[in-house]
1. I'd like the full set of residues that are surrounded by fewer than 18 Cβ atoms within 10 Å (Cβ to Cβ) and in contact with an Asp or Glu (Cβ under 7 Å, 6 or more places away or on another chain), limited to the stretch 54-79.
2. Take Ala122 and decide whether it is aliphatic (A, V, I, L, M), assigned to a loop (DSSP other than H, G, I, E, B) and more than 21 Å from the chain's Cα centre (by Cα).
3. Looking at Ala89, Ala26, which one is among the hydrophobic types (A, V, I, L, M, F, W, C), touching a helix residue (DSSP H, G or I) at 6+ places or on another chain (Cβ under 8 Å) and closer than 26 Å to Val223 by Cα?
4. Test of understanding: among Glu79, Glu9, which residue is part of a helix (DSSP H, G or I), charged (D, E, K, R) and at pLDDT below 90?
5. Are there any pairs, at least 6 apart or on different chains, whose C-beta atoms fall under 6 Å, with the first in the stretch 144-164 and more than 16 Å from Ala30 (Cα to Cα) and the second polar (S, T, N, Q), and if so, which?
6. Checking His94 against (1) at pLDDT 90 or above; (2) assigned to a loop (DSSP other than H, G, I, E, B): exactly one of these is not met. Which one?
7. Keeping to the stretch 168-201, report how many residues are of a type in the set (D, E, K, R) and within 16 Å of the chain's Cα centre (by Cα).
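The values are calculated or read from the model by the stated rules, or taken from the named source; none is laboratory data. Keep in mind the model is a prediction, meaning the values are calculated, not measured. Glycine also receives a Cβ, built like all others from the backbone with ideal geometry; neighbour counts cover every protein chain displayed.
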Amino acid sequence: MSAIAPATEAARDLGLEVLPGTEISARHGAHEIHVLGLGIDPQDDSLMDALRQLVTGRRERAERIVERLNNVGVPLTMEAVTARAGGGALGRIHIAQEIHSMGFSPTVQGAFDKYIGKGKKAFVTKPALTCEEAIDLIHSAGGLAFLAHPCLGQTPKLLPHLLQLPFDGIEVYHSRHSPGHMEEYRRHAEAGNLLITGGSDCHGAAKNQPPLMGRVRLPYAYVARIKEALNRRP
C-alpha cells in the first residue's frame, strides 16, 4: 500500500495513463467487503495513515496466525512469512504459500481450506475499517469509491444494503464475472446512476495460476466518465 506513489510515477515514466488507486478490505456488519478507490491522491495524509495502520494490523494478525499454526503442529516462522512477502504488506496468501512449500497442504488454496480459512483452527479475523469509513477516506483523498467484484463472497446477498452507501460506482467487469453477472451489475449501475469500472484483480502468480493482468477489458467510454467525474470533484 505504501508503494502507491512510486508505482504511479513509474507508470507515468513509461508514458502510461494512470489513475492511482487502492483496494481496501472493509466490513459491513460481520461481512468482508472490498472497496476500490480510483483517482486518489497518493500523498493524502489521512488515507496513507489509515493504510499504514492496516498494514500494521495485518502483521499483528499474521503473528497470531503463525502462533495458532504452531499450536496445531505446523512449525511456521514469522521470518519465513516476512521473507516471502518481500517487503510488501503481509497477507494470508504468504502464510498459505509457506504452508504449501513446507508440505503441509497439497496446494496454496489447500492451506486456506485446511488451516487459515474462516472457521479453521488458525483463522484470525482481519482488522478492517467499516465500508463507510473506507468510502469517506477515499473521498477525502479526492478519489471515487467503487464496490469491488460484487459477485464474490457475501456481497451478492448484501447488494441492496451496500448500494444505499455513498458508492460512486460498481466494478462490473471482473475476471470472475460471467457475461450474465456483468449484465446484471451493469443494470444496477445504470439504475443507480453509478459509474462502471473493471479490472482483472490480478494477484500475480501467488496461487500458481496464470497472471490475469490485461485479461479484462473495460470499454473506454466508462473510463472517460470516471475521468469526467474526477474532474468535477472539488
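1. Met78
2. In short, yes.
3. Only one candidate passes the filter, namely Ala26.
4. Exactly one of Glu79, Glu9 is part of a helix (DSSP H, G or I), charged (D, E, K, R) and at pLDDT below 90, namely Glu9.
5. Phe146/Thr197
6. Just one mismatch for His94, condition (2).
7. 3
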